[in-house]
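Here the structure comes first, spelled out in structure tokens, and everything after it is commentary.
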Amino acid sequence: GLVGTLFIRALYGGEDFFEPFSKKHPYLCHMGGMFLVGLAAYSMMFFYGHYYVQGVGYATVQDILEGKFDDVSLLPLLLILFVLKVAVTTITLGSGASGGVFSPGLFMGATFGGAYGVVLKSVFPDLGISPAAFAVAGMAAVIGSTTGAALTAIVMIFEMTLDYNVIVPMTISVALAFFVRTQLCPESIYTLKLARRGHHVSDALRRESRSEDG
């Protein structure tokens, strides 16, 4: 829920930051933003041997789900990837590029959830904790909380993993994340854009939309 709120606030904060520049010099603004994104990707290649944050990041998500980031020594890398993905997504969309929020949400959920699982595994080594399971729950929780489509997030992430063992914890995670986000940020990542333009979306329509999505 905190990650979802952070993503929403960061995304629209980036738009507000770049807006004065994009109106005066749209091409230069976009070039500057892409330069920063390229610099972040090159830095990851230079220090870690992989771009990681470039593109949709499904390869990184797959590695996390396969347990390749379960070692506690890789915890700093997971946190760095999470922070950088928030930053590069904000810069990319804020500076004028087109793109979505679903894949970045999966990436953030996997890295942050995986990092949380790694911490618990190191603190409670005898419990047999799987950081990959926390990554799956994190993916669904971030998508469900940011978009407001809780049922859709649960069904889609389950279809991607086909792991029946994570259905209950994933559902609980999504429900809690959705509740926390609505308390901190009543608008979802989609409805906030309309609200900022003066178009209020009633709660009844949101429930209907989520029901149709599910």
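Data for the structure
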{"quantity": "Net length gained if the chain between Lys24 and Leu194 were fully extended (0.36 nm per residue, minus Cα distance)", "calculated": "58.8 nm"}
{"quantity": "Selected from Asn165, Leu120, Gly13, residue furthest toward positive end of dipole (the chain; charges at beta carbon)", "calculated": "Gly13"}
{"quantity": "With at most 16 other Cβ atoms within 10 Å, longest stretch of the chain clear of loop trypsin sites (Lys or Arg not before Pro) (DSSP)", "calculated": "69-196"}
{"quantity": "Calculated [θ] (222 nm, deg cm²/dmol) that DSSP helices of n ≥ 4 give over the chain, each run adding -39,500 (n - 2.57)", "calculated": "-25000 deg cm²/dmol"}
{"quantity": "Order of exposure, largest accessible area first, which applies to His25, His50 with probe 1.4 Å", "calculated": "His25, His50"}
{"quantity": "Per-residue ³J(HN,Hα) for the range 40-51, Karplus 6.51 cos²θ - 1.76 cosθ + 1.60, θ = phi - 60°, Hz, x for Gly and Pro", "calculated": "5, 5, 5, 4, 5, 5, 5, 8, 10, x, 7, 6"}
{"quantity": "Calculated volume of the Cα convex hull per residue in Å³ (choose from [x] 148; [y] 117; [z] 254), label", "calculated": "[y]"}
{"quantity": "Efficiency of FRET from Cβ geometry, Arg9 and Val56, R₀ 25 Å, rounded to 0.05", "calculated": "0.65"}
{"quantity": "Area accessible to solvent at Val155, 1.4 Å probe radius, in Å²", "calculated": "70"}
{"quantity": "Charge tally in the Cβ shell below 13 Å around Gly4, where Lys, Arg are +1 and Asp, Glu are -1, Gly4 excluded", "calculated": "+1"}
{"quantity": "Around Gly49: net Lys/Arg minus Asp/Glu count, Cβ-Cβ under 14 Å", "calculated": "0"}
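The values are calculated or read from the model by the stated rules, or taken from the named source; none is laboratory data. In this text, all values refer to a predicted model and were calculated from it rather than measured experimentally. We place every Cβ from the backbone using ideal geometry, glycine too, and count neighbours over all the protein chains shown. Accessible surface areas use protein heavy atoms only, side chains included; no ligands, DNA or RNA. Shrake-Rupley method; radii C 1.70, N 1.55, O 1.52, S 1.80 Å.
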